[in-house]
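Enquirer: The structure that follows is given in the form of structure tokens.
Here, each number is a calculation from the coordinates, and none is a lab measurement. Remember, it's a predicted structure, so these values are computed and weren't measured experimentally. We place every Cβ from the backbone using ideal geometry, glycine too, and count neighbours over all the protein chains shown.
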Amino acid sequence: MNLSDVKNKLPAENIVAGEDEGMARAIGGVVASDLMSDVLVSAKEDCLLVTSLASEQMIRTADLVGAVGVLVVNGKPLPPSLVSLARSLAMPLLRTRMPKYETCLALAKAGCAEQGEGA
Amino acid sequence: MNRGLPDLSVERSPLSLVEMIYSTPIREVMTGDPIAVRRSETMRAAQELMREKSISGLPVAEDGRLYGIVSIHDLILTIQSDQLDQPVERHMTDHVVTLEEAMPLSMAIAYFGKYPFGRFPVLDARQRLAGILTVRDINVTLIDRLMRDVTRYESMLESEPLPGLAFTRVFHARRHDFEQGGKASTALKRHLSDHRVRRELIKRVAIAAYELEMNQVVHSIGGTLSFDVSPERVGILAQDRGPGIADMDLAMTEGYTTADDWIKSLGFGAGLGLPNVKRVADEFYLHSELGIGTTVKAVIRLDTGKENGA
């Protein structure tokens, strides 16, 4: 399961692709949260960050925890500064119109594993 | 007109500015293709032109040859003596101080200091009118070039490569500057990744640095974040100028926060900041005084630290 699969199955639009293979990196788990501290604590390497908070700090947080990408739910408008930060940090950015809960269900159904043990 | 122009003497100016004013020819700064009147035109025509184009000094020229300049002062005298219908030739200033386009900008700045004029006509190598130079032209050019220089220097600072893992850097945090907030932690993380530090360790460092950095942005009136990296350890020192923590025990309690709804709407203020830092750090020190400020020190060992927590 990688970001390209997520994009096709939800569906989601791909705003920033990141590096060449950014969309192809395997997703190691999913963290759905709008709180930076929660993300910092619970996110594992290579997780997909699902959030309804369209802020630059979410991109930074994702970068700091080594997430594979950020998926913004509810079709939230993305400020240009957020998109350009994602680009400069090579952080893949996707957006879906689905609400957060439905997004998580769809991700699970599509085969996205929950986070590894202990999360 | 020249009042307020800074002292651009070589001794007191930064090198890049000195280089700029000595190496830039007036040609690159002046307004080229100047509007001019002919000698036989009336002062009324000159006045119309000056009003219409919002210019305060109008060259009098024919086929490129400069004969004089009509200034606001000339115009006032003509209006007072009711001679607006007379030709320009009779009222213009004819002893005109000029500059040449190949001269360096430093020469022009010296001229503005020496003469009480707001503008100088600029001649080309064949002594033909090539442009007009005003203080505004100089200001606009200098500001534009300084902006470019500063931007270049800033990007050099950001991407300054370091040969080894050892690294020291101080970042400044400003209250509620969510745009810049996080940049310091990102830079630290990048440095550690570039030097192949283990991912679990990087993550612990990133958590501590980011929580401390955002604490300063969210809660303090401003402060500094210092990183000190050696092969053995990463030291993070966060010092702010206040307001200080009222109750240290509460501050260390998970879930306790003093953040308002706005901060929470940005995804901060979960009351996990300091506890998170303490959890990932091998050494943790917190000191705070109301009205003075807060100092937090966190150390993550790269050699023999705790392996859990992240």
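Enquirer: Mean Kyte-Doolittle of at least -1.0 plus a Cα span of 27 Å or more along the axis: flag which DSSP H helices in chain B meet both, please.
Expert: The answer, listed by residue number, is B:135-158, B:199-219.
Enquirer: What FRET efficiency comes out for B:Ser54 versus B:Ile76 if R0 is 22 angstrom and r is the Cβ-Cβ distance? Round to the nearest 0.05.
Expert: That gives a FRET efficiency of 0.85.
Enquirer: If we count every other residue with Cβ under 10 angstrom of B:Glu62's Cβ, Lys/Arg +1 and Asp/Glu -1, where does the sum land?
Expert: +2
Enquirer: Taking H as built 1.01 Å from N, whose amide H comes closer than 5 Å to the amide H of A:Arg97, not counting residues under 5 places away?
Expert: Hits under the 5 Å cutoff: A:Gly75.
Enquirer: Go ahead and run the numbers for FRET between B:Asp261 and B:Ala166, Cβ-Cβ distance against an R0 of 56 Å, rounding to 0.05.
Expert: Efficiency at R0 = 56 Å is approximately 0.85.
Enquirer: Now a separate question. I'd like the GluC sites (Glu not before Pro) in segment A:1-91 restricted to DSSP loop residues with at most 11 other Cβ atoms within 10 Å, sorted by number.
Expert: A:Glu19, A:Glu21
Enquirer: OK, next. Report the extension gain between B:Ala110 and B:Ala125 in nm, rounded to one decimal, defined as 0.36 nm multiplied by the number of residues separating them, less their alpha carbon distance.
Expert: Fully extending the segment from B:Ala110 to B:Ala125 adds 3.4 nm.
Enquirer: If you don't mind, there's one more thing I want to ask. Taking a label point 7 Å from the Cα of B:Asp303 along the Cα→Cβ vector, which residues of segment B:195-238 have an amide N closer than 15 Å to it?
Expert: B:229-235
Enquirer: On full extension of the chain, what length is gained from B:His176 through B:Arg196, given 0.36 nm per residue of separation minus the C-alpha to C-alpha distance?
Expert: That works out to 3.9 nm of additional length.
Enquirer: So, in nm, how far is label B:Thr295 from label A:Met1 when the simple model puts each one 7 Å beyond its Cα toward the Cβ?
Expert: Each label point lies 7 Å from its Cα, and together they span 4.8 nm.
Enquirer: Give me the distance between the Cα centres of segment B:38-104 and segment B:241-261, rounded to whole Å.
Expert: Each part reduced to its Cα centre gives a spacing of 70 Å.
Enquirer: Also: Would you mind getting the Kirkwood hydrodynamic radius of segment B:144-243 from its Cα pairs, rounded to one decimal in Å?
Expert: 14.3 Å
Enquirer: Please build a GNM for chain A, connecting alpha carbons under 10 Å apart, and tell me which residue among A:Pro92, A:Pro11, A:Pro80 fluctuates the most.
Expert: A:Pro80
Enquirer: Of A:Leu85, A:Asn14, A:Ala62, which is farthest towards the positive pole of chain A's charge dipole, taken about the Cα centre with +1 and -1 on the beta-carbons of Lys, Arg and Asp, Glu respectively?
Expert: A:Asn14
Enquirer: Now for a different question. Put a dot 7 Å past each Cα toward the Cβ at B:Tyr153 and B:Arg241; how far apart are the dots in nm?
Expert: 2.2 nm
Enquirer: So if I restrict to the alpha-carbon atoms in chain B, what is the Rg, and what is Dmax, the biggest pairwise distance, in Å?
Expert: Final numbers for Rg and Dmax: 31.4, 93 Å.
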